[in-house]
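Q: Sharing a structure with you now.
A short reminder: the numbers here are calculations on the coordinates, not readings from a lab. Source: prediction; values computed, not measured. Note: ideal-geometry Cβ built from the backbone for every residue, glycine included; neighbour counts use all protein chains shown.
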Amino acid sequence: MPTALVLLGAGTLAGAEGSAGGITSLVSYPALLGVGISPLPANVTQAVAFVASWPGSALGSRPELRGQARRLRRWAPVVAAGGASGVALLLCLPAGAFDRLVPFMVALGSLALLAQPRVTAVRRSGPSRMRQFLFLCGLFAVAVYDGYFGAGAGVITLAFLLMAGEQGLPRANALKNALLGVADVVAAAGFALFGPVQWLAVAPLAVGLLAGSSIGPSLTRRVPATVLRVVVALTGLGLAVRLWVAPVA
């Protein structure tokens with residue numbers, strides 16, 4: 001029961017932070033390690049529990065998701081394929097194969113988020129088709145990473161969406177939550193079939209994530225976009241340093 005309460009509280013905090021634009025794994029992953037689950041099962045277990053964040057964030061983001069169905073339909077297959085590829089990499093490659101790459105990916109996404117207004121201004125002068133191709137390649141790569149480990153995937157996806165021209169951080173954040181939800185469902189299915197899921201930990205963590213993720217989107221409406229963007233980016237840079245000092249596996 002104490003373990004379940006710890007994971008319930010961690011899930012609530014993680015869901016609120018992640019759906020508001022932050023990093024869900026920053027809370028959930030250490031909580032799973034703290035209750036005695038080893039790194040690989042903890043990673044797999046949180047990936048399965050993350051599915052609960054999708055309906056919660058969708059309910060909390062209904063105003064921001066209006067009019068975005070076409071983008072979701074167009075990009076969902078890309079992130080689904082990427083999520084499945086990430087699961088395959090995690091289950092097939094030796095443990096820790098990408099340990100030293102992960103911090104750089106998180107740091108790059110965080111820096112891109114900080115530089116987003118300037119990059120967006122430059123982007124408007126570039127060729128449209130090339131931008132779209134590069135965006136889809138980047139979205140696929142982030143989904144692969146989300147299936148493999150995922151800490152900071154939200155930061156990187158948010159940066160991509162803002163640089164792709166999504167108007168307003170709340171709308172970009174809602175779209176980010178929906179797209180990563182697709183990747184999470186695919187990853188969870190793969191891990192449920194082939195991964196070392198700790199099901200007793202999934203249940204309380206998922207309940208907390210469902211509750212917390214419905215709260216987060218309302219925070220993005222109240223906090224100034226520039227402040228939120230800087231806070232999320234700095235949190236991502238902090239996570240990158242932590243993952244460099246203590247790799248994921």
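Q: Using a Förster radius of 41 Å, what is the FRET efficiency between ALA192 and ARG74 based on their Cβ-Cβ separation? Nearest 0.05, please.
A: Working: r = 27 Å, r/R0 = 0.66.
The pair ALA192/ARG74 has a calculated efficiency of 0.90.
Q: Gap in Å between the Cα centre of the stretch 190-218 and the Cα centre of the stretch 1-52?
A: The distance from the Cα centre of the stretch 1-52 to that of the stretch 190-218 comes to 7 Å.
Q: For LEU59 paired with LEU5, estimate the spin-label separation in nm (one decimal), with each label point 7 Å from Cα along the Cα-to-Cβ line.
A: Going by the 7 Å Cα→Cβ label model, 2.5 nm.
Q: What spacing in nm lies between the two simple spin-label points modelled at ARG66 and PHE104, each 7 Å away from Cα in the Cβ direction?
A: My value for the distance between the label points is 4.4 nm.
Q: Can you tell which of GLY168, ALA20, THR235 lies farthest toward the positive end of the dipole of the chain, using +1 and -1 charges on the Cβ of basic and acidic side chains (Lys, Arg; Asp, Glu)?
A: Going by the Cα projections, it comes out as GLY168.
Q: Moving on. Per-residue counts of other Cβ atoms within 10 Å, averaged by peptide: what ranking do you get for 213-219, 134-140, highest first?
A: Numbers: 213-219: 22.1, 134-140: 16.7.
Sorting 213-219, 134-140 by mean packing, highest first, produces 213-219, 134-140.
Q: Right, another one. Quick one: which residues, 5 or more positions from GLY152 or on another chain, have an amide H under 5 Å from its amide H? H modelled 1.01 Å from N in the peptide plane, none for Pro or chain starts.
A: THR24, SER25
Q: Can you tell me the relative contact order of the chain? Whole percent, Cα pairs under 8 Å, sequence separation 6 or more.
A: Details: 442 pairs, mean separation 113.3, N = 249.
It rounds to 46 percent for the chain.
Q: Just ALA153, ALA58, ALA14 to compare: in a GNM of the chain, with alpha carbon springs under 10 Å, which one fluctuates most?
A: Per the Cα network of the chain with a 10 Å cutoff, ALA58 tops the list.
Q: Report the label-to-label distance for LEU89 and TRP244 in nanometres (one decimal), using points 7 Å from each Cα along the Cα→Cβ vector.
A: Once both label points are built, they end up 2.0 nm from each other.
Q: Relative to the present Cα-Cα distance, how much length would full extension add between MET130 and VAL223 at 0.36 nm per residue of separation?
A: Working: separation 93, 0.36 × 93 = 33.48 nm, distance 3.35 nm.
Result for the pair: 30.1 nm of gain on full extension.
Q: Residue-wise, which Karplus ³J(HN,Hα) couplings in Hz belong to the stretch 69-82, taking 6.51 cos²θ - 1.76 cosθ + 1.60, θ = phi - 60°, and x for glycine or proline?
A: Working through the residues one at a time gives 4, 5, 5, 4, 5, 6, 9, 4, x, 5, 6, 5, 5, x Hz.
Q: Which is the longest stretch in the chain that no exposed loop site breaks, taking sites as trypsin sites (Lys or Arg not before Pro) with a DSSP loop state and at most 15 other Cβ atoms within 10 Å?
A: Numbers: sites that count: ARG66, ARG100, ARG124.
Answer - 125-249.
Q: For LEU40 and ALA211 in one chain, what is 0.36 nm times their gap in residues minus the Cα-Cα distance, to one decimal in nm?
A: Working: separation 171, 0.36 × 171 = 61.56 nm, distance 2.54 nm.
Using 0.36 nm per residue and subtracting the Cα-Cα distance, I get 59.0 nm.
Q: Enumerate the calculated ³J(HN,Hα) couplings along the stretch 201-211 in order (Karplus 6.51 cos²θ - 1.76 cosθ + 1.60, θ = phi - 60°), each rounded to whole Hz, writing x wherever the residue is Gly or Pro.
A: Each residue's phi maps through the Karplus curve to give 8, 4, 4, x, 5, 5, 4, x, 4, 4, 5 Hz.
Q: Mind pulling the angle between the C-alpha long axis of helix 153-163 and the longest principal axis of the chain? Nearest 10 degrees, somewhere in 0 to 90.
A: Long axis of 153-163 versus the principal axis of the chain: about 10 degrees.
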